[in-house]
1. On C-alpha positions alone, give me the angle between the axis of helix 551-574 and the longest principal axis of the chain, in degrees, nearest 10.
2. Give the peptides 171-179, 436-444, 362-370 in descending order of average Cβ contacts within 10 Å, highest first.
3. Rounded to the nearest Å, what's the spacing between the alpha carbon centres of segment 31-57 and segment 299-341? Just the number, please.
4. For the chain, what's the radius of gyration and Dmax over Cα atoms, in angstrom?
5. Using a basic spin-label model with each label point 7 Å from the Cα along Cα→Cβ, how many nm lie between residue 4 and residue 427?
6. So for segment 444-583, taking the charge dipole from beta-carbon charges (+1 Lys/Arg, -1 Asp/Glu), which of 479, 455, 538 sits furthest toward the positive end?
7. How large is the dipole of segment 154-239 about the Cα centre if only Lys and Arg carry +1 and Asp and Glu carry -1, each at its Cβ, rounded to the nearest 20 debye?
8. To the nearest 20 debye, what is the magnitude of the charge dipole of segment 486-583 about its Cα centre, counting +1 on the Cβ of each Lys and Arg and -1 on the Cβ of each Asp and Glu?
Amino acid sequence: MFRALLTSRLQAAFTAAGIDLPEGFTPGVVIASDTRFGDYQSNAAMVLAKQLKTNPRALAEQIKAALQVEDLCEKITVDGPGFLNLTLSATALAERLSIIVKHAQVGVPQVEKPKTIVVDFSAPNIAKPMHVGHIRSTFIGDSLARVARFIGHKVITDNHVGDWGTQFGMIIHGWKTQLDQAKLKADPIHELVSVYKAVNAAAKADESVLEICKGELVKLQQGDAENLTIWKECVRLTLEQLEKVYGALDIKFDHYLGESFYNDALAPLVAEMLNQGIATISEGATVVFSDGSVKPESDPFLIRDKDEWKPAPCIIRKGDGGYLYATTDLATIDYRVKEWQADEIWYVVGAPQQLHFRQVFAAAQRRGITTKMTHIAFGSILGPDGKMFKTRSGETVGLLEVIDEAIERARAAADEKEQGLSDTEKDEIARIIGGGSVKYAELSQNRLTDYKFSWDKMLSLQGNTAPYLLNAYVRTRSIFRKLDGAVELTEDLAITEPAERALAMKLAQFAENAHDILDDHRPNLLANYLYELADTYHSFYEACHVLRSEGTARNTRLTLCEATGRVLKTGLGLLGIQTTERM
Ligand code: ARG
């Protein structure tokens, strides 16, 4: 990829020019923000000149003289206060283009040091509705896992479902007293959720119901056979239905190690933490306090109360002996480190759980765990009114309903544009566009900001949407259909027109973009790149005749179309979005 190549040449130029680099300074090259001066640029001379107190332009000239990039660039200039601007040569771009059409990974290099990365995402709770937070986690996590795998990491996806917890006291009581077997068969998640809700309401109104539920929970925890059977059945039914949802969304997990998987590890873990002196008993509970090793501002075990820092311990065992969410997460970390040799663990979970993860990571580190753990947080999805996204009846919106409605709407749109497609073809297209639109609406957003859910916007053929990108892909394919396969692309390439050059340049940058996404875990960087690529392609298509051109020009333009199709398909694939040949 050009940025990496140019960066290493630049570093070599410093050595060749006999300039010693001060510690902590690595000269770099970035994509130019203003392409009038070049494709790539470096401000290294300016930064260094400041440190060395010399003239930045003179230093830039010195580096320019030592820079060996004849095979890549046709022009190097020193501009402004000391920028080095680099313009790629048409031959270098053409070479890159032929790599993109031939290479299985469209020219994206693999990471030098592959890591084992565990991606923890989706993780809904059994018998509780899967809400919009889980939608975001599911799409973002799946995309990040795909990107990490694509660039060569070993990725393990794990769905840490909430299959154990206090909700089961209520569900078991509800199961025994008011379960509708027919409804359970038809839609298990829905029936379990409504039983849970009904019992929850009854328990609120009547203390004795609450006591019964608590009793059922204790029996479950003590291994009562009947309650264990009910619990297992709830988990089984829910997972079965969830797998259907994931299947429809083309999402796969390597593991489904839910919270219950760690039950036996909790007591020894707490004992060990007490032994190690990391946890202490406080008011009957077992807790982790601050160890004073970091400033209060960054200490997750302290909270600011007026002018004072007060303890905000992490509880790992309650006074009554019950374990908590944090305890399970600590045991989960042990497992992932020991069994999978995880170098990194990514938690794709909503922003409200930030404190939980800060505490859990800090406690794990105190236990000597060096694995890098990252909470990849995200904001909320808002309804068109700017408030939390709800269905018309006021319920939180479920993932399945959203996908179903998107597909239905896409199907209606396909029907409107009658164009000789069969019903089965239209169904398939609607499935791809519907699911893709919901995913893209999510993934094109900055994950940390809240965004408004809008059917019209996400399904529109105009703007930064899945239909727009899919349409661009379809356009690249329709050219080849018109040729009836009677074309063989050759390496006879010449990039001459500005629109050809702009497109080749954009295509080349995919190699960089695919790596940049993981710097801060932002699939929206990829979405934005693809949107710009589609735009650049449309401009190219308007400026340059493809089928009416001849010889080298025709071969070059067809190769640009082929490369655009390949990069769009690959890039959309990394967002978890399938493509269709027609729409
Ligand atoms: N089940 C949790 C929830 O719905 C999310 C679990 C996230 N993963 C984890 N290891 N804590 O909020």
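The values are calculated or read from the model by the stated rules, or taken from the named source; none is laboratory data. Computed from a prediction, not measured in an experiment: that's the story for all the values here. With ideal geometry, Cβ positions are generated from the backbone for all residues, glycine too; neighbour counts draw on all protein chains shown. These area figures cover heavy atoms from the full protein model, side chains too; ligands, DNA and RNA do not enter into them. Shrake-Rupley method; radii C 1.70, N 1.55, O 1.52, S 1.80 Å.
1. 10 degrees
2. 436-444, 171-179, 362-370
3. After rounding, the separation between the Cα centres reads 47 Å.
4. Rg, Dmax (Cα atoms, Å): 28.3, 85.
5. 4.4 nm
6. 455
7. 220 debye
8. Value, rounded to 20: 260 debye.
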